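Enquirer: Could you have a look at this structure, given as structure tokens, before my questions?
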């Protein structure tokens, strides 16, 4: 044990510094201003897991921590699609979730915006299309913005939300 500790002290840290987030994409003032310009109030998100491995959901939950402070930006998660302005969907659509996803989308008021979160939601990922999976989200409901990554970072999710709010439809974040 002592030998290992001496080696740790001798070698030191070998990791690289994490990359800095792109402030132009997720500036709180810019995002808050765009939300109020489009909706005139706070942005309400509804998250749906259409059959994912939960990695994207963990990153979505990170948006609520003090570092990203989603609530401070005027964005909140809601339990009902009837109160939602934007739908965040993660994972490939399993056959059992297809109808629930369609109903959730239909229950949303206009203007409806959908963000596909992660590679599975964007293209089906490693699951693809099979008897148990319908593949990407766009096979079931229209998608405005896709966020690539497995899983995407919370900063990428904020960028995708900003793209959806500002009306950059068909954009990959």
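The values are calculated or read from the model by the stated rules, or taken from the named source; none is laboratory data. None of the values given here were measured: they were computed from a predicted structure. Reconstructed Cβ throughout: ideal geometry from the backbone, glycine too, with neighbour counts over all protein chains shown.
Enquirer: Those residues that are assigned to a loop (DSSP other than H, G, I, E, B), without any contact (Cβ under 8 Å) to a residue 60 or more places away in the chain and either more than 18 Å from residue 151 (Cβ to Cβ) or more than 17 Å from the chain's Cα centre (by Cα) (or both), I need them from the range 113-137; list them, please.
Expert: Matches in the range 113-137: 126, 128, 129, 130, 131, 132, 134, 135.
Enquirer: If I go through the range 138-153 residue by residue, how many of them are buried (at least 21 other Cβ atoms within 10 Å of the Cβ) and not in a loop (DSSP other than H, G, I, E, B)?
Expert: 3
Enquirer: Another question, if that's okay. Within the range 100-112, identify whether any single residue is modelled with pLDDT under 85, buried (at least 18 other Cβ atoms within 10 Å of the Cβ) and not in a loop (DSSP other than H, G, I, E, B), and answer yes or no.
Expert: No.
Enquirer: For the range 65-99, which residues satisfy the criterion of being part of a loop (DSSP other than H, G, I, E, B) and either touching a helix residue (DSSP H, G or I) at 6+ places or on another chain (Cβ under 7 Å) or under 15 Å from residue 165 (Cα atoms) (or both)?
Expert: Selection gives 68, 70, 74, 84, 85, 91, 92, 93.
Enquirer: I'm trying to understand the selection: among the residues of the range 83-99, which are loosely packed, with under 13 Cβ neighbours inside 10 Å and either in contact (Cβ under 8 Å) with a residue 60 or more places away in the chain or in contact with a strand residue (DSSP E or B) (Cβ under 9 Å, 6 or more places away or on another chain) (or both)?
Expert: 95 - this is the single residue of the range 83-99 that is loosely packed, with under 13 Cβ neighbours inside 10 Å and either in contact (Cβ under 8 Å) with a residue 60 or more places away in the chain or in contact with a strand residue (DSSP E or B) (Cβ under 9 Å, 6 or more places away or on another chain) (or both).
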